[in-house]
Amino acid sequence: MDNDLILVDKNQGVATVTMNRPDALNALSGELRQAIVETFHHLRDDAETEVIILTGAGRAFTVGLDLKELGGEVVPSKEDAIKDTDVGKAVAQVGKPVIGAVNGFAITGGFEIALMCDFIIASTNARFADTHARVGVVPGWGLSQRLPRLIGINRAKELSLTGNFLDAETARDWGLVNRVVSDEALLPTCQQLAMDITSTEPVTRGEIRRIMDEGWHATLAEGMNIEKTANRAHDKSQRPAEQVAGRRQQIQDRGRRQSD
């Protein structure tokens with residue numbers, strides 16, 4: 001399902017999706033946005049794909065919407081064929097963990113796409129910036145709501161009101177990204193984490209992800225009720241005691257390996 005704008009590599013349940021407009025720093029033209037949507041719809045329905053890694057080709061993750069296209073300097077090609085460019089909806093509804101492998105610039109709309117991922121691993125070359133206020137566009141893909149919840153409202157205001165860049169190490173220190181690795185180690189690190197995810201029990205994993213996301217939009221008390229309801233329903237349907245007994249040795253062996 002590869003095309004010129006999106007590359008997809010599948011391996012052992014992990015799909016690595018690469019935005020592929022490196023000469024334009026992966027700017028989100030209408031065609032690229034539609035390609036992302038179509039790719040995520042395909043992966044949503046692909047039973048073999050359990051985890052998705054999202055990254056960019058070249059020096060950027062993505063620098064956001066194609067400003068030349070928005071400003072009328074470039075006429076979108078195949079404009080009549082572009083039907084669905086709601087990237088946020090496509091990522092949110094994929095129903096599978098998405099790891100953001102931020103390899104370079106993640107600016108404005110690109111920053112928003114990174115924030116749609118379940119968690120972010122950044123290379124030392126990663127740079128984040130919210131330039132909505134400089135461009136004259138109000139965020140529409142969730143940045144104004146997600147960013148303060150991740151790094152605190154004061155830091156989020158600093159980034160969004162100044163449009164200043166944030167380096168990878170500071171992003172890690174602020175809790176925006178989970179870890180910072182070399183450029184060469186970025187995809188191998190994400191692939192190992194993805195394989196760790198695929199080694200867990202699929203139904204339980206999906207339910208934990210669901211209740212985390214649902215609880216994130218609720219109060220703590222509401223979130224506790226969400227968890228309790230899910231716990232009871234899962235106990236009835238999955239026979240967790242039998243599952244735990246069967247996996248006990250596997251869990252112990254894994255613990256020993258990670259302690260070495």
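Quick query: amide H of Gly56 versus all other amide H atoms, modeled in the peptide plane; which residues come in under 5 Å with a sequence gap of 5 or more or a different chain?
Met19, Asn103
Given a cut-off of under 8 Å on Cα pairs at least six residues apart, what relative contact order in percent is computed for region 6-198? The partial results should precede the final answer.
Working: 388 pairs, mean separation 40.1, N = 193.
About 21 percent, as a whole number.
Can you tell me the length gained on complete extension of the stretch His217 to Asp86, counting 0.36 nm per residue apart and subtracting the Cα distance? Kindly include the intermediate steps, with their values, before the conclusion.
On the way: separation 131, 0.36 × 131 = 47.16 nm, distance 2.08 nm.
Additional length available on full extension: 45.1 nm.
Quick one: work out the % antiparallel among DSSP beta bridges in region 102-194, nearest 5. If you can, show how the numbers build up before the last one.
Working: 3 of 10 bridges.
Here the antiparallel bridges make up roughly 30 percent for region 102-194.
What's the exposure ranking of Lys236, Lys157, going from fewest to most Cβ atoms within 10 Å? Intermediate values should be presented prior to the final figure.
Numbers: Lys236 9, Lys157 13.
Fewest to most other Cβ atoms nearby, the residues stand as Lys236, Lys157.
Asp183 to Asp45: extension gain in nm, 0.36 nm per residue of separation minus the Cα-Cα distance? Display every interim value, and only then the final one.
Working: separation 138, 0.36 × 138 = 49.68 nm, distance 3.11 nm.
Working it through step by step, the gained length comes to 46.6 nm.
Starting from the Cα of Lys10, step 7 Å along the direction of its Cβ; do the same at Thr162; then give the gap between the two resulting points in nm.
4.5 nm
Consider a paramagnetic label point 7 Å from the Cα of Met195 along Cα→Cβ; state which residues of region 12-52 have an amide N under 16 Å from it.
Label zone hits: 12-16, 50-52.
Residue separation times 0.36 nm, minus the C-alpha to C-alpha distance between Phe119 and Arg232: what's the value? Don't skip to the end; give the middle numbers.
Numbers: separation 113, 0.36 × 113 = 40.68 nm, distance 2.73 nm.
38.0 nm is the gain from fully extending Phe119 to Arg232.
Computed from the coordinates by the stated procedures, all read-outs in this text should not be read as laboratory data. Bear in mind the structure is a predicted one, so any value in this text is a computation, not a measurement. Counting neighbours? That spans all protein chains shown, and the Cβs are built from the backbone with ideal geometry, glycine included.
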